[in-house]
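Structure, as structure tokens:
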Amino acid sequence: MRLNKYIASAGICSRRKADDLIANGNVKVNGAVMREMGFDVSENDRVQVNGKLIQGEKEKVYVVVNKPLGYITSMDDDKNRATVAELVADIPERLFPVGRLDYNTTGLLIMTNDGQMTYSLTHPKHEVDKTYVATVAGILSDKRLAQLRKGVDIGGFVTSPAKVKVLKQNPRSTVVEISIHEGKNRQVRKMFAAVGNKVQTLERVAIGNIRLGRLKQGHYRKLTREEIQYLRSL
Ligand code: URA
């Protein structure tokens, strides 16, 4: 965040007054006087105004990551496995995953430092549609499709109606697109297990209108302004 905006965001003064403070040498960054209004303040910088340390608002950053297999959705891991934090390590802000994807699930994961958004997107009351493409063993009969669409018991919990569409089928496996709005642990795997088809691969392709598109595994992209507005509106 630009230094003048950062000072204003701490609630001390307007941005114009912040410019004056900077120009007059009243502002220090990491102990040294800083006269550049556009100086880019990053997370670990210490900003002082008239000798007093201030705490500005943090720039909110929103990205979509394509999580590869074998990464855990966590900031660190006691078993030393790869974490999704490593996928955004070149972003100075500390970004947290919004919700979870299994170790063996690939695809769309939103990461942000906006705690309010994380809270609303993961709150069971506002659960937004999440769309997955699953490859499952065997054929998914019409009866099983109907069960998934109606709701299945995944062990003490009956799922809400899901949107399910067969994309491809051969005698050994079926590729299915499935949208659910709940977020129970391993829910999609459990739903297919409940009707008798084991999930072989699972990829999340969308959360609401936010789509993975052609983003490569292990890569991230920033959300567009429209996508951020859309998520806020949910
Ligand atoms: N459902 C699952 O079974 N696994 C995931 O990672 C996400 C949804």
Run down the aspartates and glutamates and flag those whose C-alpha is under 16 Å from the C-alpha of Lys17, throwing out any fewer than 8 positions away in its chain.
Glu36
Among 168-175, 55-62, what's the highest-first ranking by average C-beta atoms within 10 angstrom per residue?
55-62, 168-175
Full extension between Ser14 and Gln169 adds, at 0.36 nm per residue less the Cα distance, a length in nm of 49.6 nm
Hey, which of these cross-link pairs are over 25 Å Cα-Cα: Lys79/Lys163; Lys5/Lys67; Lys163/Lys190; Lys184/Lys216?
Lys79/Lys163; Lys5/Lys67; Lys184/Lys216
Run through all the Cα pairs of region 140-234 and give the fraction in each 10 Å bin from 0, expressed as whole percent.
13, 41, 30, 15, 1
Label zone at Lys184 (point 7 Å along Cα-to-Cβ), backbone N below 14 Å, region 155-176:
155-162
Over the chain, with a Gaussian network built from C-alpha contacts below 10 Å, which listed residue (Met117, Met34, Met191) shows the highest mean-square fluctuation?
Met34
7 Å from Cα along Cα→Cβ at both Thr83 and Ser120: what's the point-to-point distance in nm?
2.7
Net length gained if the chain between Arg232 and Asp129 were fully extended (0.36 nm per residue, minus Cα distance):
35.6 nm
Given 0.36 nm per residue, what is the gain on full extension from Glu43 to Arg94 after removing their alpha carbon distance, in nm?
17.5 nm
How large is ³J(HN,Hα) for each residue in region 2-12, as worked out from phi by the Karplus curve 6.51 cos²θ - 1.76 cosθ + 1.60 (θ = phi - 60°), to whole Hz, x for Gly and Pro?
4, 4, 5, 5, 4, 5, 4, 5, 7, x, 7
Would you kindly work out the equivalent ellipsoid of region 3-54 from its C-alpha gyration tensor and give its semi-axes, the square roots of five times the eigenvalues, largest first in whole Å?
14, 12, 10
Based on Cβ point charges of +1 for Lys and Arg and -1 for Asp and Glu, what charge dipole magnitude is obtained for region 55-104 about its Cα centre, in debye rounded to the nearest 20?
160
Unit charges at the beta carbon, dipole of region 60-179: most positive-side option, Pro68, Pro161, His126
Pro161
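The numbers here are math on the coordinates, done by the rules we state, and not lab data. None of the values given here were measured: they were computed from a predicted structure. Glycine gets a Cβ as well: all are built from the backbone with ideal geometry, and neighbour counts include every protein chain shown.
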